[in-house]
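Encoded as structure tokens, the structure appears first; notes follow it.
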Amino acid sequence: MAVNLFYFLVFPGLLFAAITGAFLSWFDRKITAMVQFRKGPPLLQPFYDFFKLLLVKETILPKQGSPLIFLLAPVFSAFGATMAGVFILLPLSNIATGFRGDLLVIFYLLTIPSFSYIIGALASANPLAAVGSSREMKLIISYEFTFLLFIAGIIMKCGQQFDLYSIIQAQQTSSPFIGSISGVLLFIVGIFCIQAKLALVPFDMPEAETEITEGIFIEYSGAAFALIKLTKYIMFFILPALLIALLMNGFRFNGFNILWAVLKLLAVVLALTLIRNTNPRIKIRQAIKFFALWMNLFAVIALVLIEFGY
Amino acid sequence: MGFKNYCFKKSLWVFHFGGASCNNCDIEILDCLTPRFDLERFGILLVGSIRHADVLLVNGIINHHDKDRLIEVYNQAPKPILVVAIGACGCTGGIFTDSYTFAGPVDKIIPVNAYVPGCPPKPEAIIAGIVKLAGG
């Protein structure tokens, strides 16, 4: 019991994932600044933002709508992200606690933050938040099937293993999955799914700042918005970590391999940041078409290639 | 209070309220966020929603139409909020002081924490004002 609480609250769970995610979010902002020839924020900027929102700012509740659900939604989102983080990061740090089928549990847990955002936005009774949440719904519908095909590809590739720990072990004993044609295709599919799950720029229409002024988060302030920031930090760490676990043979924490693990994480985040900085925001219709047609096509080609052993 | 205040001063998110402005101050404010001046190195971001804002930048004169909206926006902001009046019009009314549309300078309507005079103020002046706001 104590061990489980420690897992949830401290090491791979809340504290560790949030701190690492905050540093990754600084890395993302710094790279963005460098791409735009700026200097960028200081290293501890995500922590300043989080503690300012949590400790200093007032939380305003909506007059119409449902204040209780409005306040509970960020709690649920932080909880879902932390749970998914525990399930992803425990096998990644070579602690065999997974069970058969935990990949599907991770798949469901990773959707909880998006659903909580939708519920919270609709509870705030703001028309722009309603527009944002309807876009978020359409975005979920478009990327979720592709993400499922991506996971199916990984499961086929390692011989019908359903748990994350055996997938990582299978890669560590032979070679990482990304070193094949189907692996590369799956990586492309996966990284775009992550981009949409994180709502980064080509797919940031639910929270388009210039268009619907932060959309789903428009009414959040103070501690509730701090929890949303926390969820974003955690998601910014665990989704690249999941991609590394599924395709790039996970992390190993002995000697020189620690540096290698950090480099892999930074490389995936760098790819996400560069996609974010070199693309405009697309319309929701284009996003649905992109996933339903092109990404599904890529995933199906990868599945066929895996079937023939490439 | 020390830690809280430090975090607050290190992460000022800015919401831009343009009154009946001639748009020169708007352009100078946007200049501050461009690569040449880069306010993000002080942790300053431009946010889209007043619910996320820590600093309310007001520029241009406030006419009778804007007055209600400015009060509404100020009341909707979560509460430690700093108000900065940018430009001669925001600070005093400038050349529009005698106009029949003029509803008073910003500090007659809502409390103001800092003034950046100029017509328009240079980006350096705006940055100096914000650094003074963050420092003190």
Check: Applying the selection to segment A:237-278, what residues are more than 15 Å from A:TYR165 (Cα to Cα), within 18 Å of the chain's Cα centre (by Cα) and of a type outside the set (A, V, I, L, M)?
Finding: A:PHE237, A:PRO240, A:LYS264, A:THR273, A:ARG276, A:ASN277
Margin query: Against the condition closer than 25 Å to B:LYS9 by Cα, modelled with pLDDT of 85 or more and away from chain A (no Cβ under 14 Å), how does B:VAL73 come out, does it pass?
Written below: no
Next item on the list: Answer with yes or no whether A:LEU9 is farther than 26 Å from A:ALA245 by Cβ and surrounded by fewer than 19 Cβ atoms within 10 Å (Cβ to Cβ).
Entry: no
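Scan segment A:102-111 and give yes if some residue there is of a type in the set (Phe, Trp, Tyr) and over 23 Å from A:ALA196 (Cβ atoms), otherwise no. Steps first, please.
Here is the first cut: in segment A:102-111, the residues of a type in the set (Phe, Trp, Tyr) are A:107-108.
Within this subset, residues satisfying the condition of being over 23 Å from A:ALA196 (Cβ atoms) are none.
No, segment A:102-111 contains no residue that is of a type in the set (Phe, Trp, Tyr) and over 23 Å from A:ALA196 (Cβ atoms).
Results for (1) under 18 Å from the mean Cα position of the chain (by Cα); (2) away from every other protein chain (no Cβ under 14 Å), shown as yes or no for each residue.
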position	(1), (2)
A:ASN4	no, yes
A:LEU9	no, yes
A:THR20	yes, yes
A:ASP28	yes, no
A:GLY40	no, no
A:GLN45	no, no
A:LEU55	no, no
A:ILE60	no, no
A:PHE79	yes, yes
Next item on the list: With respect to A:PHE99, determine if the residue is surrounded by fewer than 19 Cβ atoms within 10 Å (Cβ to Cβ), more than 30 Å from A:ALA129 (Cα to Cα) and within 23 Å of the chain's Cα centre (by Cα).
Entry: yes
Notebook entry, point to check: Can you tell me which of A:ILE178, A:ILE228 is β-branched (Val, Ile, Thr) and modelled with pLDDT under 90?
Noted result: A:ILE178
Margin query: Condition (residue is over 28 Å from A:ASN277 (Cα atoms) and crowded, with 22+ Cβ neighbours inside 10 Å) applied to segment A:184-205: is it met by at least one residue?
Written below: no
Margin query: Out of A:PHE256, A:PHE217, A:PHE236, A:PHE177, I need the residue that is more than 14 Å from chain B (Cβ to nearest Cβ), in contact (Cβ under 8 Å) with a residue 12 or more places away in the chain and out of contact with any Cys (no Cβ under 8 Å at 6 or more places or on another chain). Which one?
Written below: A:PHE236
Note to self: Can you list residue pairs whose Cβ atoms sit under 7 Å apart, with the first residue in segment B:33-49 being more than 7 Å from chain A (Cβ to nearest Cβ) and closer than 16 Å to B:ALA125 by Cα and the second being in a strand (DSSP E or B) and hydrophobic (A, V, I, L, M, F, W, C)? Count only pairs 6 or more apart in sequence or on different chains.
What the structure shows: B:LEU33/B:LEU46; B:ILE44/B:VAL14
Check: Under the condition of being farther than 17 Å from B:VAL14 by Cβ and not hydroxyl-bearing (Ser, Thr, Tyr), which residue from segment A:220-231 is nearest to the other protein chains (Cβ to nearest Cβ)?
Finding: A:GLY222
Note to self: Would you confirm, using the coordinates I've provided, whether B:CYS91 is in contact (Cβ under 8 Å) with a residue 40 or more places away in the chain and either among the acidic types (Asp, Glu) or more than 9 Å from chain A (Cβ to nearest Cβ) (or both)?
What the structure shows: no
Next item on the list: Could you please find all residues in segment B:1-19 being within 30 Å of B:PHE96 (Cα to Cα) and either within 8 Å of chain A (Cβ to nearest Cβ) or in contact with a His (Cβ under 8 Å, 6 or more places away or on another chain) (or both)?
Entry: B:TRP13, B:PHE15
Check: How about segment B:1-32: which of its residues are over 24 Å from A:GLN36 (Cα atoms), aliphatic (A, V, I, L, M) and touching a residue at least 12 places away in the same chain (Cβ under 8 Å)?
Finding: B:ALA20
Notebook entry, point to check: For A:PHE50, which of the numbered conditions (1) more than 10 Å from every other protein chain (Cβ to nearest Cβ); (2) in contact with a Leu (Cβ under 7 Å, 6 or more places away or on another chain) fails to hold?
Noted result: (1)
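Regarding A:PHE298, is this residue touching a helix residue (DSSP H, G or I) at 6+ places or on another chain (Cβ under 6 Å) and among the aromatic types (Phe, Trp, Tyr)?
yes
The values are calculated or read from the model by the stated rules, or taken from the named source; none is laboratory data. All of these numbers come straight from a predicted model, not from anything done at the bench. Backbone-built Cβ (ideal geometry, glycine too); neighbour counts: all protein chains shown.
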